[in-house]
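Here's the structure, in structure tokens; my notes come after.
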Amino acid sequence: MIAGPLIRSLDRGATIFLTICAAATILIPALNLLTPESFFLHVPTYLVALFGKYVCYAILALSIDLIWGYCGILSLGHGAFFALGGYAMGMYLMRQIGTRGVYADPIRPDFMVFLNWPELPVYWYGFNYFAYAAVMILLVPGLLAFVFGWFAFRSRVTGVYLSIITQAMTFALTLAFFRNNFGFGGNNGLTDFKDILGFNVQAQATRASLFAASVIALAICFVICRAVVTSKFGKVLVAIRDAESRTRFLGYRVESYKLFVFTLSACMAGVAGALYVPQVGIINPSEFAPANSIEAVIWVAVGGRGTLTGAVLGAILVNYAKTTFTSGMLAPYWLFMLGAMFVLVTLFLPRGIIGTWRHWNAERQAKLSAAREDGAAVGEPTARPAE
Amino acid sequence: MKRWVLAGTDYVYPRTTNKILEAYLLSKGVAKEDIMINYAPFGHSDWQTIVSDIKKFGSAGKKTAVVSTINGDANVPFYKELGNQGVSAKDIPVVAFSVGEEELAGLDTKPLLGHLAAWNYFQSISDPLNKEYIAKWQAFTKNPKRTFNDPMEAHVIGFAMWVKAVEKAKSVDPDKVIDALPGIEAPNLTGGISKMLPNHHITKPVFIGEVRADGQFDVVWKTDGLVAGDAWSKELPGSKDLVGDWVTLKCGNYNTVTKKCGGA
Amino acid sequence: MRMIRDRLVACLLALGLMLAALPANAQSFQEGLEKFTTDSFGDTDDGITAVATSGHAQAGPVILALQEGRLAYDPASKRVFIKTASAVIDAATGQPAASVPADLKTVRLNNRVRRSIEAAIGGLNLLSPDAGKRLAAALAVFKSHEAAALPALNTAIGKEGEARIKRALEEARASVLIFKSDAPETDRLDAISTLRARGDQEALALLAGLPADAPANLKKSAQDAITSIQNNLAIWASVQNAWYGLSLGSVLLLAAIGLAITFGVMGVINMAHGEMVMIGAYVTFAVQETIRTYNPGLFDYSLLMAVPLAFLVSGAIGILIERSVIRFLYGRPLETLLATWGISLILQQAVRTMFGPTNREVGNPSWMSGAFEIGQITITYNRLWIIVFTIAVFVGLLALLRLTPIGLQMRAVTQNRSMASSMGIRTSSVDALTFGLGSGIAGIAGVALSQIDNVSPNLGQGYIIDSFLVVVFGGVGNLWGTLVGALSLGIANKFLEPFAGAVLGKIVILVMIILFIQKRPRGLFALKGRAVEA
């Protein structure tokens, strides 16, 4: 039952991608932990954490690509799901601090002691168990997406309108989490983590394991997305993207399809956030900022909307560029570059890197076969941009 | 002053300050209903309601002052609204803890004449070392109107102290420099010598300045000598037993009652 | 407080002495002057008392000069001078000084000293020939409600001809009488009704402070008055909320109205809209800076000059953006959104590079400073003018779209592009002009917003989400919808703020809009017909 779509989903590109993932999972931690610092291929710990961060961004990009590239839903609030997953993980990590905080309260995190909260609020219950936190990481973003999508898709809020209200949603959450009364640490957020599952978060081995876990999560998300988009279900999604009304008139319940894929995507974003938090060591309300969500969309656009590998590649490339350019002499020009990237990609590279490459390939193939078959009809190139 | 408005941005620093202030005011016999605490979000720009609340609170017959811990950008619209609604420093003075010369540079200060700010340094303080640094800074930024403020002075002192600590430790290794720091002295720009204490805070004078029409401050009150920085407030029940001492106790939150490191 | 009252008493006594035409106390005047030369606020304070009570002919001018920062002293000779525009006057004699020492220092003021000055001037001025001064003096007595002022007040009330000042004097007398236990009860009852008629927070405070040993019927009357004032104030509080809401709504409308053209009429998702507003604000800054440098006298006209300039600059940048980027993306709204977001980043960084990351000072011209009172609410001029300005922009825009040929073409192109094109309208230049118009209006909004908000590169960011919500909430493609949307959001926000606080109020509004859009995806005033599904 399950094996069918899985095997079908593994074409040449996907196999290459999964091989790279497997290699990264083994090689980078190994080079970090097992080689001496002097070894020329040694990967320093800070780089492991940095790569880990990129991988989490790549998962977020995948989740955006799933709904935008394949179903035409442009969410400008996906950072909210990412941050909610992160907060769920952060709450678990806060509870693990125990008596090692400044105020050494065994139950309440420092900021609650400081703000004179007499006891732990109900919604913090259970977060001392990892399993509970893990469920919440999926459940909270998933539930929000489900409720939000339930209303939005049923009342046929589409296109730009949906983008704007998702943006309003993440903006409202930013403001809410900034409030100290909300019980999530206000603008400082959650930080000063000590342990995850009993291991020290700062330790080299923990960092390497977290990196490996992130890459494995990326691979799993990738396979899930592949399975979704190559199935019959995925074909309907593309149909909705290209002609929503027509699909509806053909008898498909468009809103159910959208709701399922939107919720799935939010859960993936939540996982990305949860893996991100222990690696960067902090989660605060600025992760909800609308600008972050829009930036995540550009990763997908750069890599190639509607191509899963493209989303991953885009996230890693843009963030690598950001790391490079925001440190050093070029820092004042980074926003110019990022801005130009938005403009140039939409104008000249609407298919993104992978999409354009596939398009060229397809055209070349078509030309070759056309030459061979002497004037046979040329098929439509694949991976057309939506809208 | 009989009534107090504590207005701030909703984050940790104002909340801490207001918590300490409230405890202090209550201990000085100010009634609970004579203290109004108000928080606004970051970058808040519509202050109409809050300013008119302050005005109402202040016109109830008792002398009222505002302690503002409003942060950053939100200050400009706040002071503009104060000025326009006619809240003058004579009736309801505003004492700001985080508004300095640099913030006032974005404001027309004429309506703000007489409002106050508390800092450890003001650009207007006349001291030869201060004049020298301001001249250097203005030459460096190529802007003869560029302002100098308290956090900048803190860096001047901090860097001077670091240099001396490095000379003393004969190393730039952070841990060795940290051990060498307590006891190091460096001149501050207001005519005194600041000293690093065992709790990693330094001694500094405290000034209260009044806004002048040119965006600078006139010192209207100052402490007699230098004040030692406390790591933990003496006013709050949770922290009054705590001390920080990195020289003998090697602990940032030593509890003097339970004799243990690690908080309350 | 105590000290000020004492001083006021002293001043009034001095006034009485002056009326009796007794010889002035020249010695106390001279001693007072010397107190000004020690550069200590405490001494200055004492000096004011000494000078004000001296009854010396120079007392008035000296105190006035002190208030205006024109009083100077020579540390060496301990002499005090009054500086005027043309000359330096010896404070002791009132004659131009024969020799002026080189390093005159100005006598410094703080809030305590300023209050003393005000009280002193108040005492000196109850019978001043200048109506404004008499009014100020009456208000000063109302604040201090000192029993010793009563005889002087009675005299002043008897002589006063102007109704407004007379009322202020009577209120001042009432504020004294209410605390005076040996006054006749009928007078005190009258005082309560006078205060009741005043009906504001201060009157409330006075009534609540009625001594506990007052007779029962007095207490009852005061209690009635308090209830009546409180009810009255509650009504005014709603009026005030409505006014603040109107003002916030007009700011939202101003920020959104340009977007109502580019997004609402053209369907272009312009994420750089906020930056057009910001550019308008920086144009205002540049205009003011130029005026400050070359002709400070024109400062009051700076905004009038900035409006057309901001329109042109923002409009030109808008046309540039439309021609170079947006026209290639028509029909692809989501791509437009991303590209314009990129443009907004570039514009912000460009402004940051040119003008620096910190706030720039944009001043209020004199006609936009200050406030006046209607009943129990304070109306600030800048908010009032912004409302007026918003209405003017709205009406102007409506007229442009309805009544002019270019407006007709704009509507034609947006309603049916191909039909308009076949009628001979150059659709692409109409597109550019429409986008330029929307951007230019955003620029004008920037001029107004520079008066109430920070002028920094982030100015636009603060308005972009709100603007989109206003347009979507009101109904895309409908200017009236934008108007109603902005005003209702503003007013709802301001009515929520007193209960929920500024932050929670805003969150509640956002959630309400999200729910509303779920219910009516096309906003309050949805367009009907073919345009909907396009």
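When C:Gly315, C:Gly280, C:Gly264, C:Gly258 are screened for being in contact with a His (Cβ under 8 Å, 6 or more places away or on another chain) and not aromatic (Phe, Trp, Tyr), only C:Gly258 passes.
Of all residues in segment A:186-207, those being closer than 28 Å to A:Val297 by Cα and either modelled with pLDDT under 90 or more than 22 Å from the chain's Cα centre (by Cα) (or both) number 5. Restricting attention to segment C:52-95, which residues are assigned to a helix (DSSP H, G or I) and touching a residue at least 40 places away in the same chain (Cβ under 8 Å)? Result: C:Ala52, C:Thr53, C:Ser54, C:Ala59, C:Gly60, C:Ile63, C:Leu64, C:Leu66, C:Gln67. Exactly one residue out of C:Ala442, C:Ala486, C:Ala448, C:Ala432 is away from chain B (no Cβ under 14 Å) and either free of Cβ contacts under 8 Å to residues at least 60 places away in the same chain or surrounded by 24 or more Cβ atoms within 10 Å (Cβ to Cβ) (or both), and it is C:Ala442.
Inside segment A:107-121, residues that are of a type in the set (A, V, I, L, M, F, W, C), within 16 Å of A:Gly189 (Cβ to Cβ) and touching a residue at least 60 places away in the same chain (Cβ under 8 Å) make up a count of 3. Taking (1) surrounded by fewer than 16 Cβ atoms within 10 Å (Cβ to Cβ); (2) more than 14 Å from chain A (Cβ to nearest Cβ); (3) touching a residue at least 24 places away in the same chain (Cβ under 8 Å); (4) out of contact with any Phe, Trp or Tyr (no Cβ under 9 Å at 6 or more places or on another chain) in turn, C:Asn382 satisfies each apart from (1). Scanning segment B:43-73 for residues that are under 23 Å from the mean Cα position of the chain (by Cα), farther than 22 Å from C:Trp243 by Cα and more than 7 Å from every other protein chain (Cβ to nearest Cβ) yields B:Thr64, B:Ala65, B:Val66, B:Val67, B:Ser68, B:Thr69, B:Ile70, B:Asn71, B:Gly72.
Tell me yes or no: at least one residue of segment C:490-504 is surrounded by fewer than 20 Cβ atoms within 10 Å (Cβ to Cβ), more than 13 Å from chain A (Cβ to nearest Cβ) and not in a helix (DSSP H, G or I). No - not one qualifying residue is present in segment C:490-504.
Counting only strands (runs of 3 or more DSSP E) that sit completely within segment B:133-228, those holding 2 or more residues that are surrounded by fewer than 19 Cβ atoms within 10 Å (Cβ to Cβ) and modelled with pLDDT under 85 correspond to B:217-222. Annotation for segment C:105-114: at least one member residue is without any contact (Cβ under 8 Å) to a residue 60 or more places away in the chain, under 28 Å from B:Val95 (Cβ atoms) and surrounded by fewer than 17 Cβ atoms within 10 Å (Cβ to Cβ).
Elements of the type helices (runs of 4 or more DSSP H) sitting completely within segment B:1-112 and holding at least 2 residues that are within 30 Å of C:Pro365 (Cβ to Cβ): these cover B:48-58, B:75-84, B:101-104. A count restricted to segment C:155-173 and to residues that are in contact (Cβ under 8 Å) with a residue 24 or more places away in the chain, closer than 12 Å to C:Leu135 by Cα and part of a helix (DSSP H, G or I) stands at 8. Restricting segment C:400-420 to residues that are touching a helix residue (DSSP H, G or I) at 6+ places or on another chain (Cβ under 8 Å) and small (Gly, Ala, Ser), which is farthest from C:Leu487 (Cα to Cα)? Within segment C:400-420, the match that is farthest from C:Leu487 (Cα to Cα) is C:Ala420.
Would you confirm, using the coordinates I've provided, whether A:Thr191 is surrounded by fewer than 22 Cβ atoms within 10 Å (Cβ to Cβ), within 22 Å of A:Ala269 (Cβ to Cβ) and touching a strand residue (DSSP E or B) at 6+ places or on another chain (Cβ under 8 Å)? Taking the combined requirement at face value, the residue satisfies it. Applying a threshold of 7 Å to beta carbon distances and a minimum spacing of six or more residues, or different chains, the list of pairs starting in segment C:348-373 at a residue that is within 16 Å of C:Ser456 (Cα to Cα) and in the same structural domain as C:Ile386 (by TED's automatic domain parsing) and ending at one that is acidic (Asp, Glu) and buried (at least 20 other Cβ atoms within 10 Å of the Cβ) reads C:Gln348/C:Glu275; C:Asn359/B:Asp73. Those helices (runs of 4 or more DSSP H) of segment A:123-240 in which at least 1 residues are away from chain C (no Cβ under 14 Å), considering only elements entirely within it, cover A:130-154, A:204-230. Cβ separations smaller than 6 Å between residues 6+ apart or across chains give the following pairs from segment A:246-261 residues that are closer than 20 Å to A:Arg226 by Cα to residues that are of a type in the set (Gly, Ala, Ser): A:Leu259/A:Gly149.
Filtered by the rule that a residue be in contact (Cβ under 8 Å) with a residue 40 or more places away in the chain and either within 17 Å of C:Met368 (Cβ to Cβ) or surrounded by fewer than 16 Cβ atoms within 10 Å (Cβ to Cβ) (or both), segment C:306-325 gives C:Ala306, C:Val307, C:Ala310, C:Leu312, C:Ala316. Residues that are without any contact (Cβ under 8 Å) to a residue 24 or more places away in the chain and within 31 Å of the chain's Cα centre (by Cα) within segment C:205-226 comprise C:Ala205, C:Ala208, C:Ile226, listed in sequence order. When C:Leu303, C:Leu337, C:Leu345 are screened for being in contact (Cβ under 8 Å) with a residue 12 or more places away in the chain, facing chain A (nearest Cβ under 8 Å), in a helix (DSSP H, G or I) and surrounded by 21 or more Cβ atoms within 10 Å (Cβ to Cβ), only C:Leu337 passes.
From the list C:Ser221, C:Ser181, C:Ser193, which one is away from chain B (no Cβ under 12 Å), of a type outside the set (D, E, K, R) and part of a loop (DSSP other than H, G, I, E, B)? The unique qualifying residue is C:Ser181. Scanning segment C:38-50 for residues that are touching a residue at least 60 places away in the same chain (Cβ under 8 Å), closer than 13 Å to C:Val107 by Cβ and outside any loop (DSSP other than H, G, I, E, B) yields a count of 4.
Within segment B:106-132, the only residue that satisfies the criterion of being surrounded by fewer than 18 Cβ atoms within 10 Å (Cβ to Cβ) and over 24 Å from B:Ala186 (Cα atoms) is B:Lys110. Do the conditions hold for A:Gly79, that is, is it small (Gly, Ala, Ser), farther than 15 Å from A:Thr263 by Cβ and in contact with a Ser or Thr (Cβ under 7 Å, 6 or more places away or on another chain)? For A:Gly79, the condition - small (Gly, Ala, Ser), farther than 15 Å from A:Thr263 by Cβ and in contact with a Ser or Thr (Cβ under 7 Å, 6 or more places away or on another chain) - is met.
The values are calculated or read from the model by the stated rules, or taken from the named source; none is laboratory data. Keep in mind the model is a prediction, meaning the values are calculated, not measured. Here Cβ is always computed from backbone atoms with ideal geometry, including for glycine, and neighbour counts include all displayed protein chains.
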